[in-house]
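The values are calculated or read from the model by the stated rules, or taken from the named source; none is laboratory data. Worth saying up front: this structure is predicted, and the values here are computed from it rather than measured. Glycine also receives a Cβ, built like all others from the backbone with ideal geometry; neighbour counts cover every protein chain displayed.
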Amino acid sequence: MRLLVTGASGLLGSAVARLGAAAGHDIIGAVGRWSRPVPGVARQVSVDLTGPQGIDALLREARPAVVMNCAAISEPAACDANPALAEKINVTLPQTLAQWSATNGARLLQVSTEQVFDGENPPYRIQDPVQPLHLYGRQKAEAEQHVLAACPGAAVLRIPLLFGNSLGGRRSVHEKFLEAWAAGRVMRLFTDEVRAVCSAESVAAALLELAPRPDLTGLLHWSGARPVSRHEMGRAVCTRFGFPETWIEAVPRSAMPDFTATRPRDLTLDLAPLDRELRTRPESFEDAVARLVLPLWWRGFGDRKP
C-alpha cells in the first residue's frame, strides 16, 4: 500500500515510516527543512506545508492510497509565538488533505490531540464536548471539524503526550528533560498533572492498523494503558538512565498557578472502541520508558549535574 506521511521527520512520522516500511508499505515522506534520510521512507520529498501548491502537486504526482497527516506545530508556546504559521500547519494543511482525499478516494488519517479537552472531567470519551485551554488545542479542534466535514470517511485519531526517540534527539519528553539537565537545570515536575503517555511506536502501530480499516471513521482515541503524573515520568527517566532523582523536583500545580492556567490537569482518554478493534494493545508506561535511548548529542554531558 502506498502511504503519504506528512511530517515524516517528526517523532511520530518517523515511527510510522519505520514500522510501515517493515510491514511492506511504500512510504512517501513529506518533510520540511529536514535534510537527512528518514529510515523507512522510499521517497523523501521536501515540501512547503504552509501553502497548498506544494502539497497539491505532491498529492497529484504520488497518488497515495492512504494519507497520514502527522505534521503539526504541537508545542502550545510555539503556536502562541507564531499563530499565523501554526494556523497554516495545524488547520489549513489538514483541510487541504481532507479535500483532496475525499475527491480522489484516498483514506485520510488525521492525527489530533488530547489537548482539545480541558482536563477537568476525565476519562474523555470520543463524544465528549471539546473545551481547549490554549491556541494549539483550539486549532486542533477546528482541524477535526474541517477534516470530518470535508472527508466523512476520514479517521481522526486523538493521541496523548508521546515518549520516543526523535531523529534529531530533541523532540520527545525525555529529550526535553535531557536538554534541561545538560543546561544545569533541575526539572520542576508536577505531581498532580496527569497524562496517559505512550510511545510514538504504539501510535504508529495503531495508525497502520487503521489504514486498511475504512469501517473505523470519525473521532477515535489512542493512548497508553494508564495515566501517570509528570513527576512519575521524570522519576522513570532518571531510573532508566541511572540518573539521581535530585535532578527533578516534585511540585504541585498550585505552586505555579499562572503557569498552569492553560495546562489541562488530567487528559486521560477513554479508548473505546479502538481498544476492542485493534490487535495492537494499549502500551504500558513501563514499556514506553524501556524504548528510550540517550541521543548522540548527550555524549559529553553525562557527568554534568544540575
Handout entry: Evaluation of Asp215 against (1) over 27 Å from Gly184 (Cβ atoms); (2) touching a residue at least 12 places away in the same chain (Cβ under 8 Å) (one fails), failing number
Key = (2)
Fill in the blank from the handout: Selection from the range 267-282 of residues acidic (Asp, Glu) and under 15 Å from Glu209 (Cα atoms) yields Asp275, Glu277
Handout entry: Matching residues in the range 142-184 - criterion: being farther than 29 Å from Asp270 by Cβ and in contact with an Asp or Glu (Cβ under 9 Å, 6 or more places away or on another chain)
Key = Gly168, Gly169, Arg170
Practice task
Kindly check whether there is at least one residue in the range 210-226 that is in a helix (DSSP H, G or I) and assigned by TED's automatic domain parsing to the domain that holds Trp34.
Solution key: yes
Problem - Conditions (1) over 30 Å from Ala261 (Cβ atoms); (2) of a type in the set (S, T, N, Q); (3) crowded, with 17+ Cβ neighbours inside 10 Å: number failed by Asn69 - result: (1)
Exercise for the section: Being among the β-branched types (Val, Ile, Thr) and closer than 13 Å to Leu178 by Cα is the filter here, so list the residues in the range 222-247 that pass it. Expected result: Val237
Fill in the blank from the handout: Result of the Cβ filter at 9 Å on the range 183-200, keeping first residues that are buried (at least 16 other Cβ atoms within 10 Å of the Cβ) and partners that are assigned to a strand (DSSP E or B) and among the small types (Gly, Ala, Ser), at least 6 apart or interchain, is Arg188/Ala250; Leu189/Ser229; Leu189/Ala250; Phe190/Ser229; Phe190/Ala250; Glu193/Ser229; Val194/Ser229; Arg195/Ser229
Exercise for the section: Mind listing just one residue for me: the one in the range 1-31 that is over 14 Å from the mean Cα position of the chain (by Cα), surrounded by 24 or more Cβ atoms within 10 Å (Cβ to Cβ) and in contact (Cβ under 8 Å) with a residue 60 or more places away in the chain and, of those, farthest from Gly105 (Cα to Cα)? Expected result: Gly20
